[in-house]
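Report on the structure given below.
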Amino acid sequence: MNQPGPTFREPSSLERAFNRAFGVLVGWGLGPRDYYLLQVRGRKTGRVFATPVSLVELQGTPFLVAPRGRTQWVRNAEAAGHVTLKRGSSSRRFRLRAVPDADKPPVLRAYLDRFRPAVQRYFPVPAGSPADAFVEIAERYPVFELRPPSNDAEERR
């Protein structure tokens with residue numbers, strides 16, 4: 001049986017610096033195609049925060065996965081119910097649907113398989129494992145389905 005993992009893995013100072021620099025590049029439209037600058041309003045400050053994220057698509061549906069667990073962006077996104085993804089000069093707003101733990105294993109598997117070099121260290125399950133290997137750890141990783149805004153006015157905000 002897997003040992004319980006932390007609900008949030010704090011980034012090191014080096015990782016924070018890398019994320020800031022990488023976020024700037026992604027915001028300019030540089031970097032791998034599945035990376036975006038996630039923008040979300042802070043639940044306490046109201047300030048817009050940005051962090052680089054990677055999307056994984058499964059059967060045509062885009063998903064956001066938080067490999068570090070319940071990070072600040074996750075808590076802010078849950079409170080806001082929506083995020084904006086920016087890449088270069090384009091940005092799109094999405095509503096979020098939290099994926100139930102029972103439905104996370106295939107998404108987690110696809111995410112780990114796609115981004116193994118960057119995220120394997122956050123998963124006790126090796127890349128290439130079957131989806132059922134993620135059942136016991138699914139609760140540790142927030143996963144959101146990205147949905148289009150409910151109306152045009154919401155998309156422009």
query: Once you put a point 7 Å from the Cα of Arg70 and another 7 Å from the Cα of Arg97, both along the Cβ direction, what distance in nm separates them?
result: 2.3
- line: Note on segment 86-149: alpha-carbon gyration tensor, axes a ≥ b ≥ c; rule is a/c under 1.5 for rounded, else prolate if a/b larger than b/c, else oblate; result oblate
statement: Length gained if Trp28 through Arg47 is fully extended, taking 0.36 nm per residue and subtracting the Cα-Cα distance, is 4.8 nm
message: Could you compute the net charge surrounding Arg43? Neighbours are other residues with a C-beta less than 9 Å from the C-beta of Arg43; K and R count +1, D and E count -1.
response: +2
task: Beta carbons within 10 angstrom, averaged per residue: use that to sort the peptides 61-74, 109-122, highest first.
output: 61-74, 109-122
- prompt: What is the gain in length, in nm to one decimal, between Ser12 and Glu78 on full extension, counting 0.36 nm per residue of separation less the C-alpha to C-alpha distance?
  reply: 21.4 nm
- line: Sequence order, segment 120-128: Karplus ³J(HN,Hα) from phi using 6.51 cos²θ - 1.76 cosθ + 1.60, θ = phi - 60°, Hz rounded, Gly and Pro as x, gives 3, 4, 8, 10, x, 9, x, 3, x
Cut-off under 5 Å, modelled amide H: who pairs with Trp28 long-range: Gly88
Fully extended contour minus Cα-Cα distance, from Ala127 to Arg147, at 0.36 nm per residue: 4.5 nm
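Values quoted throughout were computed directly from the atomic coordinates according to the rules given, and no laboratory measurement underlies them. All of these numbers come straight from a predicted model, not from anything done at the bench. No Cβ is skipped: glycine too gets one built from the backbone with ideal geometry, and neighbour counts run over all protein chains shown.
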